[in-house]
Amino acid sequence: MTFAICTRPVRLACIGLAMGFSLWLTGCATTSQGPEVSAQPATVAPQAPQASPSPNDLSVNFKAQGNLGLQPPTDIWERIRRGFAMPDLETPLVRDREQWYAARPDYMLRMTERSRRYIYYIVEELERRNMPTELALLPFIESAFNPEAVSSAKAAGMWQFMPATGKYFDLKQNMFRDERRDVLESTRAALDYLQKLYDMFGDWHLALAAYNWGEGSVGKALARNKARGLPLSYTDLQMPNETRYYVPKLQAVKNIVAQPELFNVQLPMIHNHPFFKSVAIERDIDVTMAARLAEIKLEDFKALNPQMNRPVILAAGTPQILLPWDNAAVFERNLQAHANRPLATWTAWTAPKTMKVDEAAQQVDMPAALLRSVNSIPNGMLLKAGSTLLVHRKGALDNDVKESTADSAQLSLAPEVILRRVLIHARKGDTLASLGARHGVTAGNLASWNKLSTAGALKNGQKLVILVPSLPARSNTKLAARGKSPSTHKSAKPVKQVAQADRPRTQR
């Protein structure tokens, strides 16, 4: 009789020797390979958990039995280890990534220190959903646990959602907030997405590959392998290098968390306790005021509420904020003391029509230069009707913003149209209507520009002036530099969007 050798020791606490030996044998037993995955992901039923756990699955057995006398974990790392439930990946790429991380202890320490604000909440959500706790380590791979990270492909947040995928999972993205960076909402969306992918492919490695590469891409790769009679596991698929390294990176971090001393890595002590608490707000409030009432540094407030795009929090769209656990009560106490005092100096204003910035500035009683600056409006641009601007809260604008504005506020701009005079000649038999139709203007405008009656007759060769739109001088200069004439330049056709299932979630 032979036994498989464990690749890494498992520490068992408060377990009798006989029971520990029995569990060690169970953990070290080799597992059978699961059934093949269909090449059509949408029709694949989820695979049941394998009967024989890997060494890291011992903690799952402990939790299931519930009567083995294990002490509650004192730190979050031990809690994560106990919830390991994904099959281990053993490949040279895993060894390569282990060495890469182990050779950068300062980077590992910064990354794990940054995680202390968020990782307890993520583990709580994973356990509530009965999902593997290894997934709590995925933001290390995605963003180094930086909720304000933005990739070159515009993926944002610690879970790195692309704009379209974020919208698919109901992450609001507007002028005042981007929920791809929201700690609670982005975690909800990420776990929803990961569970959806696991249900689709029945394999966590394939689900992770799809999270990085796109579910359609993984489905096509599986279909190609199936057509060629090739295996259908993650390691057997043809994929981009980024995706090929993706799961090995997570496995390497998992191995380091499992045994940091083996890699000479020091994990910071993160207590098994919530870092933050959610606090309700009922009035619009400036970000700086919220931090001041909570008695915390502004950067600490932004680290827990990174979804805010503007210096004001609109209660109708963001009815809660996150605060360090001990500061939540401080905030609520100070907020009560400000019950009859203003909390916000900024608010939202919607343009009733298409207008110039100078005209809007007069209506909201702000200097035009300041209005441009705080809303990042370039020169030579018009505000389109329905655009929302960040403005000073005063006078008629001293009200909290409505939910419809808080949820859909967008700034839409259009190039300012410059009209130029063009001289034309009437032909025999022309009328203002026929002449206007030939030049794309109305008979009424022709009459107004030339001080004529709309019913007046035109003489053959009569000179008239029409006003036609011209690109701003700034645009003309750019076109001239490219060797194109402004009068013949046509805007490029929009690129057709790739179907959601075929679009990679991120392309970093």
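What residue, among those in segment 156-182 that are at negative phi and among the polar types (S, T, N, Q), is surrounded by the most Cβ atoms within 10 Å (Cβ to Cβ)?
Of segment 156-182, the ones at negative phi are 156, 158-159, 161-169, 171-182.
Remaining after also requiring among the polar types (S, T, N, Q): 165, 173-174.
Details: 165: 21, 173: 18, 174: 18.
Taking the candidates together, the pick is 165.
Quick check: is even one residue across segment 278-291 surrounded by fewer than 17 Cβ atoms within 10 Å (Cβ to Cβ), in contact (Cβ under 8 Å) with a residue 24 or more places away in the chain and touching a strand residue (DSSP E or B) at 6+ places or on another chain (Cβ under 9 Å)? I'd like the intermediate steps shown before the answer.
Going residue by residue through segment 278-291, those that are surrounded by fewer than 17 Cβ atoms within 10 Å (Cβ to Cβ) are 278, 280, 282-283, 288.
Then drop every residue that is not in contact (Cβ under 8 Å) with a residue 24 or more places away in the chain, which leaves 278, 280, 282-283.
So of that shortlist, the ones also touching a strand residue (DSSP E or B) at 6+ places or on another chain (Cβ under 9 Å) come out as 278, 280.
Looking through segment 278-291, at least one residue is surrounded by fewer than 17 Cβ atoms within 10 Å (Cβ to Cβ), in contact (Cβ under 8 Å) with a residue 24 or more places away in the chain and touching a strand residue (DSSP E or B) at 6+ places or on another chain (Cβ under 9 Å).
State the number of residues belonging to segment 211-234 that are touching a helix residue (DSSP H, G or I) at 6+ places or on another chain (Cβ under 8 Å) and over 25 Å from residue 166 (Cα atoms).
Final tally of qualifying residues: 7.
Would you pick out the residues in segment 297-330 that are β-branched (Val, Ile, Thr) and part of a loop (DSSP other than H, G, I, E, B)? Even if it seems obvious, please write down each step before you answer.
Of the residues in segment 297-330, the ones β-branched (Val, Ile, Thr) are 312-313, 318, 321, 330.
Once the filter is applied, which keeps residues that are β-branched (Val, Ile, Thr) and part of a loop (DSSP other than H, G, I, E, B), segment 297-330 yields only 318.
Restricting to segment 156-190, give me the number of residues that are under 20 Å from residue 114 (Cα atoms) and not acidic (Asp, Glu). Walk me through it before giving the result.
Here is the first cut: in segment 156-190, the residues under 20 Å from residue 114 (Cα atoms) are 156-161, 179-188, 190.
Filter again for not acidic (Asp, Glu), leaving 156-161, 180-181, 183-184, 186-188, 190.
Count: 14.
Would you confirm whether or not segment 177-184 contains a residue that is touching a helix residue (DSSP H, G or I) at 6+ places or on another chain (Cβ under 9 Å) and either assigned by TED's automatic domain parsing to the domain that holds residue 389 or among the β-branched types (Val, Ile, Thr) (or both)?
The answer is yes, given that some residue of segment 177-184 is touching a helix residue (DSSP H, G or I) at 6+ places or on another chain (Cβ under 9 Å) and either assigned by TED's automatic domain parsing to the domain that holds residue 389 or among the β-branched types (Val, Ile, Thr) (or both).
Considering every residue within segment 458-470, establish whether at least one is crowded, with 16+ Cβ neighbours inside 10 Å and in a helix (DSSP H, G or I).
no
Scan segment 139-157 for residues that are farther than 17 Å from residue 120 by Cα, assigned to a loop (DSSP other than H, G, I, E, B) and not aliphatic (A, V, I, L, M) and jot them down.
148, 151, 152, 154, 157
Under 28 Å from residue 241 (Cβ atoms), without any contact (Cβ under 8 Å) to a residue 60 or more places away in the chain and not in a helix (DSSP H, G or I): does that describe residue 85? Even if it seems obvious, please write down each step before you answer.
Working: under 28 Å from residue 241 (Cβ atoms): yes; without any contact (Cβ under 8 Å) to a residue 60 or more places away in the chain: yes; not in a helix (DSSP H, G or I): yes.
Yes.
Just to be sure, is residue 136 buried (at least 19 other Cβ atoms within 10 Å of the Cβ) and either in contact (Cβ under 8 Å) with a residue 12 or more places away in the chain or hydroxyl-bearing (Ser, Thr, Tyr) (or both)?
Numbers: buried (at least 19 other Cβ atoms within 10 Å of the Cβ): yes; either in contact (Cβ under 8 Å) with a residue 12 or more places away in the chain or hydroxyl-bearing (Ser, Thr, Tyr) (or both): yes.
Judged against the criteria, residue 136 is a match.
Filter segment 161-179 for residues that are more than 21 Å from residue 120 (Cβ to Cβ) and either of a type in the set (Gly, Ala, Ser) or touching a residue at least 40 places away in the same chain (Cβ under 8 Å) (or both) and give the result. Explain how you work it out, then say what you get.
Let us first name the residues in segment 161-179 that are more than 21 Å from residue 120 (Cβ to Cβ), namely 161-178.
Once the filter is applied, which keeps residues that are more than 21 Å from residue 120 (Cβ to Cβ) and either of a type in the set (Gly, Ala, Ser) or touching a residue at least 40 places away in the same chain (Cβ under 8 Å) (or both), segment 161-179 yields 161, 162, 164, 165, 166, 168, 172, 174, 175, 176, 177, 178.
Give 190, 153, 209 a once-over and let me know the one that is surrounded by fewer than 20 Cβ atoms within 10 Å (Cβ to Cβ), farther than 30 Å from residue 350 by Cβ and among the aliphatic types (A, V, I, L, M). Talk me through it step by step, then tell me what you get.
Numbers: 190 fails: surrounded by fewer than 20 Cβ atoms within 10 Å (Cβ to Cβ); 209 fails: surrounded by fewer than 20 Cβ atoms within 10 Å (Cβ to Cβ).
Criteria check complete, one pass: 153.
Please tell me if residue 222 is in the same structural domain as residue 91 (by TED's automatic domain parsing) and over 25 Å from residue 143 (Cβ atoms). Steps first, please.
On the way: in the same structural domain as residue 91 (by TED's automatic domain parsing): yes; over 25 Å from residue 143 (Cβ atoms): yes.
Answer is yes for this residue.
Going through segment 272-296 one residue at a time, which ones are out of contact with any Asp or Glu (no Cβ under 9 Å at 6 or more places or on another chain), part of a loop (DSSP other than H, G, I, E, B) and under 16 Å from residue 114 (Cα atoms)?
Answer for segment 272-296, where residues must be out of contact with any Asp or Glu (no Cβ under 9 Å at 6 or more places or on another chain), part of a loop (DSSP other than H, G, I, E, B) and under 16 Å from residue 114 (Cα atoms): 273, 275.
If I ask for residues that are touching a residue at least 40 places away in the same chain (Cβ under 8 Å) and either β-branched (Val, Ile, Thr) or in the same structural domain as residue 312 (by TED's automatic domain parsing) (or both), which ones from segment 350-386 would you list? Walk me through how you get there before you give the answer.
Going through segment 350-386, the residues touching a residue at least 40 places away in the same chain (Cβ under 8 Å) turn out to be 350, 354, 356, 379-380.
350, 354, listed by residue number.
Suppose we filter segment 225-248 for residues that are part of a helix (DSSP H, G or I) and in contact (Cβ under 8 Å) with a residue 24 or more places away in the chain; how many remain? Working first, answer last.
Filtering segment 225-248 for residues part of a helix (DSSP H, G or I) gives 225-227, 234-236, 241-248.
Filter once more, keeping what is in contact (Cβ under 8 Å) with a residue 24 or more places away in the chain: 225-227, 234-235, 242-248.
Residues flagged as part of a helix (DSSP H, G or I) and in contact (Cβ under 8 Å) with a residue 24 or more places away in the chain within segment 225-248 amount to 12.
Looking only at residues that are more than 25 Å from residue 171 (Cβ to Cβ) and β-branched (Val, Ile, Thr) in segment 365-410, which one is surrounded by the most Cβ atoms within 10 Å (Cβ to Cβ)?
Residues of segment 365-410 more than 25 Å from residue 171 (Cβ to Cβ): 365-373, 377-383, 385, 391-399.
Of the ones still in play, those that are also β-branched (Val, Ile, Thr) are 377, 391.
On the way: 377: 19, 391: 21.
Applying the filter and picking the extreme gives 391.
When you go through 225, 241, 264 one by one, which is the residue that is farther than 20 Å from residue 133 by Cα and at pLDDT below 95? Before you say what the answer is, go through the steps one by one.
Details: 225 fails: at pLDDT below 95; 241 fails: at pLDDT below 95.
264 is the lone residue from the list that is farther than 20 Å from residue 133 by Cα and at pLDDT below 95.
What are the residues in segment 274-314 that are within 23 Å of the chain's Cα centre (by Cα), over 24 Å from residue 402 (Cβ atoms) and basic (Lys, Arg), if any?
277, 302 - these are the residues of segment 274-314 that are within 23 Å of the chain's Cα centre (by Cα), over 24 Å from residue 402 (Cβ atoms) and basic (Lys, Arg).
Is it true that residue 277 is over 24 Å from residue 160 (Cβ atoms), at pLDDT 95 or above, in contact with a helix residue (DSSP H, G or I) (Cβ under 8 Å, 6 or more places away or on another chain) and among the basic types (Lys, Arg)?
So residue 277 passes the test.
Output the residues belonging to segment 347-362 that are surrounded by fewer than 21 Cβ atoms within 10 Å (Cβ to Cβ) and part of a helix (DSSP H, G or I).
Within segment 347-362, 358, 359, 361, 362 meet the criteria.
Here are some conditions: (1) assigned by TED's automatic domain parsing to the domain that holds residue 386; (2) exposed (fewer than 15 other Cβ atoms within 10 Å of the Cβ). Residue 342 meets all but one. Which one does it not meet?
So residue 342 meets the others, but not (1).
The values are calculated or read from the model by the stated rules, or taken from the named source; none is laboratory data. Everything numeric in this text was worked out from a predicted model, so none of it was measured. Neighbour counts run over all protein chains shown; Cβ positions are idealised from the backbone, glycine included.
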